[in-house]
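So the structure is just underneath, and the comments pick up after that.
The values are calculated or read from the model by the stated rules, or taken from the named source; none is laboratory data. Please read all numbers here as calculations on a predicted model, not as lab measurements. Here the Cβ positions follow ideal geometry from the backbone for every residue, glycine too, while neighbour counts run over all protein chains shown.
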Amino acid sequence: MTVPTDIIAPEAVTRPIDFHKDQVRIFDTTLRDGEQCPGASMTSEEKLEVAELLDEMGVDIIEAGFPVASDGDFESVREIAKRAKNAVIAGLSRTGVADIDRCGAAIKPARHGRIHTFIATSPLHMKVKLNMTPEEVLAATVAAVTRARQYTDDVEWSAEDSTRAEIDFLCRCIEAAIDAGATTINLPDTVGYATPQEYRGMFETVRARVPNSDKAIFSVHCHDDLGMAVANSLAGVAGGARQIECTINGLGERAGNAALEEIVMAIRTRADVLPYETGIEATMLNRASKLVSAVTSFPVQYNKAIVGRNAFAHESGIHQHGMLKDANTYEIMTPESVGVSKTSLVMGKHSGRAAFREKLKEMGYELGENALNDAFKRFKDLADRKKLVYDEDIAALVDDEILNAHDRIKVAALTVIAGTNGPQSAALTLDIDGEKKTHQATGNGPIDAIFNAIRALVPHEANLDLFQVHAVTHGTDAQAEVSVRLSSGGPSVTGKGADPDTLVASARAYIAALNKLTARGERQHAQHAIG
Ligand code: KIV
Ligand code: ZN
């Protein structure tokens, strides 16, 4: 089999990184499996931002996307591959030639690039989804791995729906994939069906029965349909796997994937029974969670382990009493160990620029001079209106500033008339490419009036799929963080806006989503013009 020479060049062959034995590799698939979750699509800029953080945090392998899926996916995998400093950059691919070649081209700029090719292996999937016989699946596996090896020495093969596959057939496929050059074998619990005992047993059986199993690293990939994704992942590691595929906040299809932060902290906190290590800098977990939640607008459940708002909160008197005497009474890990600072009340209107910059640094934000100035101006404005400014307030404000900094359309002014005597009306001024435009609209309530004004100023056809409001902190003067999800014939996009005035936050969120849709349209237009 030959690969076109304009795609493959000798220096494009990348080699796997050496890991020591009991290190469990963390393979993050937030940007691929996580992004597949409806409404969680991210722009290329957002993906780059998340990838940069994952790389810095010590993730071993970043699955950056599915290059054949769209030109946008291809470009963002390629850009992440160019920029990654430490992590292996993986792209997903089915077994077809076009998929593999597209993936090979996307990971080419990476210092360490991986092709991750997969095919279904359960009788149900092979028959109903693929319409292929087991022998055809076996042949496709070998062909895909062989072709992928011409692009990189680091090839992963996944047996989709492996937990419902016949074990003899699964073993034959694994042996053939390793013979063809696969260096990682992933056995996903695609539908979140397995129990921990079964999943561990599958790895033990396969490793014992496949003659060349010592030539590959085994990997777990668990979905959370029955709430067992993390338990199953750890059980798979006990069965001999040394790579865990997971996502920040457990983002992913249906009930999601195993949550990276839970896996990392389980291994760290229970080192007595889980004698492995990961290379993750745990103090960055909270920041990663916040960033992924901000760019996808998927709120983190309040009582979510490790990164939920209540994960380290002690409400009841008995608990508080115990905590005051010795934190070990009710805390098995410290908030600081996952990057949550204990004192969240921080600043007020007398805080200066230097203190603000220092605070941002402590919270893990590094802003350029212009962004810092803008964020500081908004902070001062907020401190004038709100008595107590918490870390959460600053994070919401800075996320809003960073995510919406390059927007073409901005909210310049808004006046709303609301109350019992309708119709409610909104006078909105937008800054569109530097030009101010104003429109007054009425609606069935103030939000409807605002969104009608936006539609009049920027005519578009998008559907409003979600409108959601969260209070950033407690108190009636808390900032509102609004998420708006829009779709227009493709994957939906989500915009966020934060402000103590819920109506202003709503206008900002809608405009943020609209900017994303416009940017995507322009990118697609440009790609068609080029290609
Ligand atoms: O869940 C799954 O089976 C997958 C594969 C593509 C690895 O995501
Ligand atoms: Zn999956």
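So which residues in region 39-67 are among the aliphatic types (A, V, I, L, M) and crowded, with 20+ Cβ neighbours inside 10 Å? Across region 39-67, the qualifying residues are Ala40, Met42, Val50, Ala51, Leu54, Met57, Val59, Ile61, Ile62, Ala64. Taking (1) in a loop (DSSP other than H, G, I, E, B); (2) surrounded by 14 or more Cβ atoms within 10 Å (Cβ to Cβ); (3) in contact (Cβ under 8 Å) with a residue 40 or more places away in the chain in turn, His406 satisfies each apart from (2). Looking across Val142, Val155, one residue alone is in contact with a Lys or Arg (Cβ under 6 Å, 6 or more places away or on another chain), closer than 16 Å to Asn186 by Cα and modelled with pLDDT of 95 or more. It is Val155. Residues in region 243-297 that are within 15 Å of ligand 1 (Cβ to nearest atom) and on the phi > 0 side of the Ramachandran plot: Gly250, Gly252, Arg254, Gly256. Filtered by the rule that a residue be within 14 Å of ligand 1 (Cβ to nearest atom) and either within 16 Å of Arg164 (Cα to Cα) or assigned to a helix (DSSP H, G or I) (or both), region 80-136 gives Asp99, Cys103, Phe118, Ile119, Ala120, Thr121, Ser122, Leu124, His125, Met126, Lys129, Leu130.
Among the residues of region 171-200, those identified as within 14 Å of ligand 1 (Cβ to nearest atom), of a type in the set (Ser, Thr, Tyr) and assigned to a loop (DSSP other than H, G, I, E, B) are Thr190, Tyr193. The requirement of being within 22 Å of Leu234 (Cβ to Cβ), among the hydroxyl-bearing types (Ser, Thr, Tyr) and touching a residue at least 60 places away in the same chain (Cβ under 8 Å) is fulfilled somewhere in region 151-159, by at least one residue. Report yes if Ala413 is surrounded by fewer than 18 Cβ atoms within 10 Å (Cβ to Cβ), under 21 Å from Tyr510 (Cα atoms), touching a strand residue (DSSP E or B) at 6+ places or on another chain (Cβ under 8 Å) and not basic (Lys, Arg), otherwise no. For Ala413, the condition - surrounded by fewer than 18 Cβ atoms within 10 Å (Cβ to Cβ), under 21 Å from Tyr510 (Cα atoms), touching a strand residue (DSSP E or B) at 6+ places or on another chain (Cβ under 8 Å) and not basic (Lys, Arg) - is met. Each residue in region 338-351 was checked for being modelled with pLDDT of 85 or more and either surrounded by fewer than 19 Cβ atoms within 10 Å (Cβ to Cβ) or touching a Phe, Trp or Tyr at 6+ places or on another chain (Cβ under 9 Å) (or both), and 2 pass. The single condition from (1) part of a helix (DSSP H, G or I); (2) buried (at least 23 other Cβ atoms within 10 Å of the Cβ) that Ala208 fails is (2). Residues in region 297-331 that are modelled with pLDDT under 70 and charged (D, E, K, R): Glu315 only. Residues that are closer than 11 Å to Ser289 by Cβ and in contact (Cβ under 8 Å) with a residue 60 or more places away in the chain within region 250-273 comprise Leu251, Leu260, Glu261, listed in sequence order.
If the condition is being of a type in the set (A, V, I, L, M, F, W, C) and over 24 Å from the mean Cα position of the chain (by Cα), then region 209-223 contributes Val210, Ala216, Ile217. For the condition under 27 Å from Tyr302 (Cα atoms) and either buried (at least 18 other Cβ atoms within 10 Å of the Cβ) or touching a Pro at 6+ places or on another chain (Cβ under 7 Å) (or both), Gly227 does not qualify.
Is it the case, given these coordinates, that Leu226 is assigned by TED's automatic domain parsing to the domain that holds Ala176, away from ligand 1 (no atom under 13 Å from the Cβ) and part of a loop (DSSP other than H, G, I, E, B)? The answer is yes for Leu226.
In region 177-195, the residues that are over 13 Å from Arg114 (Cα atoms) reach residues that are near ligand 1 (Cβ under 9 Å from one of its atoms) and at pLDDT below 95 with C-beta atoms within less than 9 angstrom, at least six apart or across chains, in these pairs: Thr190/Glu253.
For region 154-213, what are the residues that are away from ligand 2 (no atom under 16 Å from the Cβ), of a type in the set (Asp, Glu) and closer than 22 Å to Pro123 by Cα? Of everything in region 154-213, those that are away from ligand 2 (no atom under 16 Å from the Cβ), of a type in the set (Asp, Glu) and closer than 22 Å to Pro123 by Cα turn out to be Glu166, Asp168, Glu175, Glu198, Glu204. Taking the listed residues Ile167, Ile174, Ile185, Ile178, the one that is in contact with a helix residue (DSSP H, G or I) (Cβ under 8 Å, 6 or more places away or on another chain) and surrounded by fewer than 18 Cβ atoms within 10 Å (Cβ to Cβ) is Ile167, with no other qualifying. Given the criteria out of contact with any helix residue (DSSP H, G or I) (no Cβ under 6 Å at 6 or more places or on another chain), over 15 Å from Arg25 (Cα atoms) and within 16 Å of ligand 1 (Cβ to nearest atom), does Ala313 qualify? When the stated conditions are applied, Ala313 does not pass them. Filtering Asp477, Asp501 for residues that are within 30 Å of the chain's Cα centre (by Cα) and either surrounded by fewer than 17 Cβ atoms within 10 Å (Cβ to Cβ) or in the same structural domain as Met42 (by TED's automatic domain parsing) (or both) leaves a single hit, Asp501.
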